[in-house]
Amino acid sequence: MKKIKFRKYSKKDAAIFKSLNLEWLESCFFVEPIDELVLNNPKSKILDPGGHIIMVELNSKVIGTFTFIKIEESVFEFSKMAINPIYRGQGYGNSIMKFAISFAKKNEWKKIVLYSNTKLENSIHLYYKYGFLDVEMESNVVYSRGNIKMELNLN
């Protein structure tokens with residue numbers, strides 16, 4: 001596996017950020033109104049409220065992305081992880097999780113939460129591998145595809 005780099009999102013990444021996520025959503029589920037809202041407005045919906053968008057590069061080419069959406073002080077939702085289909089199944093998900101957890105610890109966050117779907121067996125396995133645990137899902141979850149909520153306590 002080649003070494004990947006992580007960097008902060010910039011405005012020039014808007015199209016690739018959106019296209020990576022749309023490809024993943026359309027191949028596995030469908031695009032929901034909340035997805036359209038966030039993907040069309042990453043600055044106002046993710047960055048301005050205190051979140052982060054990270055771009056994943058291989059040989060200076062963006063091959064993936066993920067976000068941290070601020071829920072409350074020191075608690076962030078890991079979301080919008082997408083990898084170009086050509087690069088899936090090559091271990092980059094492990095690298096992303098290691099980086100994401102390290103990033104959260106460096107920022108002294110208390111907790112990372114995520115929503116997923118149990119049909120995404122590889123993703124669920126990855127989250128368990130890095131210490132995420134199932135927790136009760138709220139009744140008003142924003143994604144209709146979400147049928148599992150997981151948390152990683154960092155304290």
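Pick out, from segment 1-92, the strands (runs of 3 or more DSSP E) lying fully within it that include 1 or more residues that are of a type in the set (S, T, N, Q) and either closer than 22 Å to LYS129 by Cα or modelled with pLDDT under 95 (or both).
Values: elements: 5-8, 52-58, 61-72, 75-83.
Per the criteria, 61-72, 75-83.
Taking segment 52-90 as the range and being surrounded by fewer than 16 Cβ atoms within 10 Å (Cβ to Cβ), of a type outside the set (A, V, I, L, M, F, W, C) and farther than 17 Å from ASP13 by Cα as the test, the residues that pass are GLU72, GLU73, SER74, PRO85, ARG88, GLY89, GLN90.
One line per residue, one yes/no per condition, for (1) touching a residue at least 24 places away in the same chain (Cβ under 8 Å); (2) under 23 Å from TYR92 (Cβ atoms):
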| residue | (1), (2) |
| --- | --- |
| ALA15 | no, yes |
| SER19 | no, yes |
| ASN41 | no, no |
| LEU47 | yes, no |
| ILE53 | yes, yes |
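Restricting the search to segment 93-116, which residues are surrounded by fewer than 16 Cβ atoms within 10 Å (Cβ to Cβ) and assigned to a loop (DSSP other than H, G, I, E, B)? Full working, then the answer.
We begin by selecting, within segment 93-116, every residue surrounded by fewer than 16 Cβ atoms within 10 Å (Cβ to Cβ); these are 94, 98, 102, 105-108, 110.
If the condition is that a residue be surrounded by fewer than 16 Cβ atoms within 10 Å (Cβ to Cβ) and assigned to a loop (DSSP other than H, G, I, E, B), then ASN107, GLU108, LYS110 are the ones that fit.
Taking the criterion of being part of a helix (DSSP H, G or I), surrounded by fewer than 17 Cβ atoms within 10 Å (Cβ to Cβ) and acidic (Asp, Glu), would at least one residue in segment 130-140 satisfy it? Within segment 130-140 (the criterion being part of a helix (DSSP H, G or I), surrounded by fewer than 17 Cβ atoms within 10 Å (Cβ to Cβ) and acidic (Asp, Glu)), the answer is no, since none of the residues qualifies.
Out of everything in segment 23-51 that is charged (D, E, K, R) and within 23 Å of SER144 (Cβ to Cβ), what residue ends up being surrounded by the most Cβ atoms within 10 Å (Cβ to Cβ)? Before you say what the answer is, go through the steps one by one.
Start the filter on segment 23-51 by keeping residues that are charged (D, E, K, R), which leaves 23, 26, 32, 35-36, 43, 45, 48.
From the residues that got through so far, the ones that are within 23 Å of SER144 (Cβ to Cβ) too are 23, 26, 32, 35-36, 45.
On the way: GLU23: 14, GLU26: 10, GLU32: 15, ASP35: 19, GLU36: 13, LYS45: 16.
The qualifying residue surrounded by the most Cβ atoms within 10 Å (Cβ to Cβ) is ASP35.
For segment 105-115, indicate whether the set of residues that are of a type in the set (Asp, Glu), more than 25 Å from LYS18 (Cα to Cα) and out of contact with any Phe, Trp or Tyr (no Cβ under 9 Å at 6 or more places or on another chain) is non-empty. Yes. A single member of LEU133, LEU154 is of a type outside the set (Ser, Thr, Tyr), more than 25 Å from SER27 (Cα to Cα) and in contact with a Lys or Arg (Cβ under 7 Å, 6 or more places away or on another chain), and it is LEU154.
The values are calculated or read from the model by the stated rules, or taken from the named source; none is laboratory data. Since we're looking at a predicted model, the values are computed, not measured. Backbone-built Cβ (ideal geometry, glycine too); neighbour counts: all protein chains shown.
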